[in-house]
Amino acid sequence: MTPFRSATATALVSTLLATTLAGCQFGGEEQDTSPIVIAADLELSGAAAGVGEAYRQALELKRDQLNASGALNGRTVELLLKDNRSDASESLRNIVDFSNDKRVTAIVMGGCNECAVGAVRTVNENRIPTIALAAAGAVVNPVAERRYMFKLAPNAADNAAALTVELRRRNIDTVGLLRSDDAYGQEGATALRREFGKVGIQVLAEASARGTDTELDGQAGRLASADPDALVIWTPPEQAMLASSAVKRANYTGALFLDASAAGDLFLGSAARSAERATLVFTQTMVIDDVIATTPAKAARRQWFQDYTARYGGYHGSASFAADAIQLIADAELRAGGPIGEVDRDRLRDVLETSQMDGLSGPIRMTPDNHSGLMPQALTTLIARNGRWRLAS
């Protein structure tokens, strides 16, 4: 082709290239470079601010990693964050605002069970795909009434089954149960009693803790006085650490077992002595530095753990769920396609519903009949040792 020689022609070509190369690939095929806008409703203040802050950090780190990777075919992830103040009413207002924002592709909700369950109707009426990091089964069940709701936290039934296996392995016959005073706590108590009934474990005493409780000595004293072989703590991390200290003050010397919702910081800080030798059911991500990276998925989990701790100076167990939520949405958006520069939430929902990946939290599988993606195989047994969580074996 004969080169352009006039300055005017050269300037014209430069202008055309500048305006078309960003949106077109060689050969004339147009490329979508619009941002993938993901909204997040998080507990950044209030009773659950610790977990909410961990989610925020994870979302921002994963966003930066995706944007730097070049894996989004010229697109980038943008985050819109709002604080729900650990309050379901404030959370619902955030969800309404996000739903009405036509730029928003999907929503990530934090760990507040009441917030996620309370948003179900709004999410479905506004047909906006939403991944909750809350654990309650009512977030996604029944699926037919929650087509746009998904969740990634461990399921109560899976937690209960894993805890029961470990209790039975330790020849424990009687337990006391401290559970959260919410839908997930009630769901957990039901699941535990069902699993315990299969192997003959008896619940001698049960108590509940509210998310706003700042001391649990009364509940711990009642449970310790029943003299069970072990105590099962089924609460968020803040209450779990309070409970560990309270039962020590009650002179209880039996074993402590915690479900996955209790997972918090890798290092136990001031609760280290009271939680020493406690057993936690959770994912390997919490202790991936103890795991030999024999597969690409394990190598990715180890790298995530290292990147998170390098940026933030520590690790929080629930961080990987938030990162996996961003990855699921970004992958689904790329697979969904659709008109360039437009948000097609229905198409994205359909893709999310069949998503599969070996995530940072473990294997994740979504199906039309199951919108709770974390597989039971993701759970393992950890033990508190020398002030931090370690693999039990």
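The values are calculated or read from the model by the stated rules, or taken from the named source; none is laboratory data. All values derive from a computational prediction rather than experimental measurement. Heads up, the Cβs are rebuilt from the backbone with ideal geometry, glycines too, and the neighbour counts pull from every protein chain shown. Heavy atoms of the whole protein, side chains included, go into the accessibility calculation; ligands, DNA and RNA do not. Shrake-Rupley method; radii C 1.70, N 1.55, O 1.52, S 1.80 Å.
Numbers for the structure displayed
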| item | result |
| --- | --- |
| Test: residue in region 223-238 that is closer than 26 Å to Gly52 by Cβ, open to solvent by less than 30 Å² (accessible area, probe 1.4 Å) and not in a strand (DSSP E or B) | yes |
| Residue within region 17-40 that is in a loop (DSSP other than H, G, I, E, B), of a type in the set (Val, Ile, Thr) and modelled with pLDDT under 95 present | yes |
| Counted residues, region 239-265 - those being open to solvent by 40 Å² or more (accessible area, probe 1.4 Å) and closer than 18 Å to Gly50 by Cα | 3 |
| Given (1) in a helix (DSSP H, G or I); (2) within 23 Å of Arg56 (Cα to Cα); (3) open to solvent by 10 Å² or more (accessible area, probe 1.4 Å), index of the condition Met357 fails | (1) |
| Subset of region 334-386 (residues that are over 26 Å from Gly70 (Cβ atoms) and among the β-branched types (Val, Ile, Thr)) | Thr367, Thr380, Thr381, Ile383 |
| Some residue of region 309-326 being among the acidic types (Asp, Glu), buried (at least 19 other Cβ atoms within 10 Å of the Cβ) and in a helix (DSSP H, G or I) | yes |
| Where a residue in region 326-350 is free of Cβ contacts under 8 Å to residues at least 60 places away in the same chain and its partner, wherever it lies, is surrounded by fewer than 23 Cβ atoms within 10 Å (Cβ to Cβ) and among the basic types (Lys, Arg), with Cβ under 7 Å and at least six apart | Ala336/Arg347; Gly338/Arg347 |
| Residue match in region 192-204 (condition: open to solvent by less than 40 Å² (accessible area, probe 1.4 Å) and within 23 Å of the chain's Cα centre (by Cα)) | yes |
| Given (1) crowded, with 20+ Cβ neighbours inside 10 Å; (2) in contact with a strand residue (DSSP E or B) (Cβ under 7 Å, 6 or more places away or on another chain), index of the condition Ser86 fails | (2) |
| Single residue of region 205-222 satisfying the filter (within 17 Å of Lys248 (Cβ to Cβ) and touching a helix residue (DSSP H, G or I) at 6+ places or on another chain (Cβ under 6 Å)) that is most open to solvent (accessible area, probe 1.4 Å) | Asp217 |
| Where a residue in region 24-37 is open to solvent by 60 Å² or more (accessible area, probe 1.4 Å) and its partner, wherever it lies, is modelled with pLDDT under 50, with Cβ under 8 Å and at least six apart | Glu30/Gly23; Glu30/Cys24; Thr33/Ala22; Thr33/Gly23 |
| Every pair of residues 6+ apart whose Cβ atoms lie under 6 Å, when the first sits in region 91-106 and is farther than 18 Å from Gly46 by Cα and of a type in the set (D, E, K, R) while the second is open to solvent by 60 Å² or more (accessible area, probe 1.4 Å) and part of a helix (DSSP H, G or I) | none |
| Yes/no for Arg335 being in a helix (DSSP H, G or I), out of contact with any Gly (no Cβ under 8 Å at 6 or more places or on another chain) and modelled with pLDDT under 95 | yes |
| Scope region 72-83; condition modelled with pLDDT under 95 and open to solvent by 60 Å² or more (accessible area, probe 1.4 Å); matching residues | Asn73 |
